[in-house]
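Everything on this sheet refers to the single structure shown next.
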Amino acid sequence: MRRTGLARGTALALGASASNQIGAGLGALAFPAIGPLGVVAVRQLVAVAVLTPLGRPRLRGISWADRRLILALGLIFSVMNATLYLAIERIGLGLAITLEFLGPLVLAVVASRRLLDLLCGLLAAVGVVVLVAPGPSTDLLGIALGLVAAASWASYVLLNRSLGRRLPGVRGAAGASVVSAVIWIPFGAAWFIAHPPPLWALALAAACGLLASALPFAVDMIALRSLPTGLFSTLQSMHPVWAAVAGLVILQQVLTPREWLGIGLIVLSNAAVTSAGLLRRQG
């Protein structure tokens, strides 16, 4: 029974990570019509429509300190998604997601300070150098946006962890989604009034909101019921791989062998750090 639960949880976690990147790929198809920020606006509105009933965020009973954390989390969430999708437009899905993944990896390395984890951090740094080695066609702005998304994700993890200790369930995350949606509503309304979007683009952006936000969130919650946290974290290392595959299949973004090598080094580093942490906790 235990083995069946692990297999089911693993399949769900892998499916959620694949769904996330498929959704991002579909959203990128709408870039020519509504731009990356237009996609983010629709994605946030769809996500909050689905997540709010799950989290049922209510201000009653929430202290002002917790409200400030929710506000900060919503702001960080908005910056993270905006910079990520702007990076996807410039450097492609696989590279953007891989750079964003550096955020939680750096957090894990800094928090540990063990030699093995520091070596994994060094390996990831080599992967970054291989991945974004400057050349005549290097998009430095796209790389910078990806790194800002990474820093935002690291901040999101820290704030979410703090909020999770103070509020039960997913009330904090759902509240932050509402804040993020409120931030994007004026922008989305102004943008779409000035540039009426075609229905196909709205449909793709809505699919992005479902597949890249709402569905993975719900599925991950189910997966965590049967998976150790460490194993779940290790499985998240598949995100850059799924992103590269989705970029190839959906967007016809072909990566070079050097880029695949860089992605592989970063994925390996993250998997090693999270696996080592799991083994230490079990020991």
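The values are calculated or read from the model by the stated rules, or taken from the named source; none is laboratory data. On a predicted model such as this, the values are computed, not experimentally measured, just so you know. Glycine also receives a Cβ, built like all others from the backbone with ideal geometry; neighbour counts cover every protein chain displayed.
Worth pointing out:
- Residue check: GLY264 meets all listed conditions (1) crowded, with 21+ Cβ neighbours inside 10 Å; (2) at pLDDT 75 or above but one, namely (1).
- Restricted to the range 208-234, and to residues there that are surrounded by fewer than 21 Cβ atoms within 10 Å (Cβ to Cβ) and aliphatic (A, V, I, L, M), the residue that is farthest from GLY38 (Cα to Cα) is LEU231.
One line per residue, one yes/no per condition, for (1) crowded, with 20+ Cβ neighbours inside 10 Å; (2) at pLDDT below 75:
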site: VAL40; (1), (2): yes, no
site: ALA49; (1), (2): no, no
site: PRO57; (1), (2): yes, yes
site: THR98; (1), (2): yes, no
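- The combined condition, being at pLDDT 75 or above, hydrophobic (A, V, I, L, M, F, W, C) and out of contact with any Leu (no Cβ under 8 Å at 6 or more places or on another chain), is fulfilled by ALA144.
- Single residue of the range 183-205 satisfying the filter (touching a residue at least 60 places away in the same chain (Cβ under 8 Å) and under 20 Å from MET80 (Cβ atoms)) that is farthest from the chain's Cα centre (by Cα): TRP191
- Flag not set for GLY74, criterion: at pLDDT 85 or above and in contact with a Gly (Cβ under 6 Å, 6 or more places away or on another chain).
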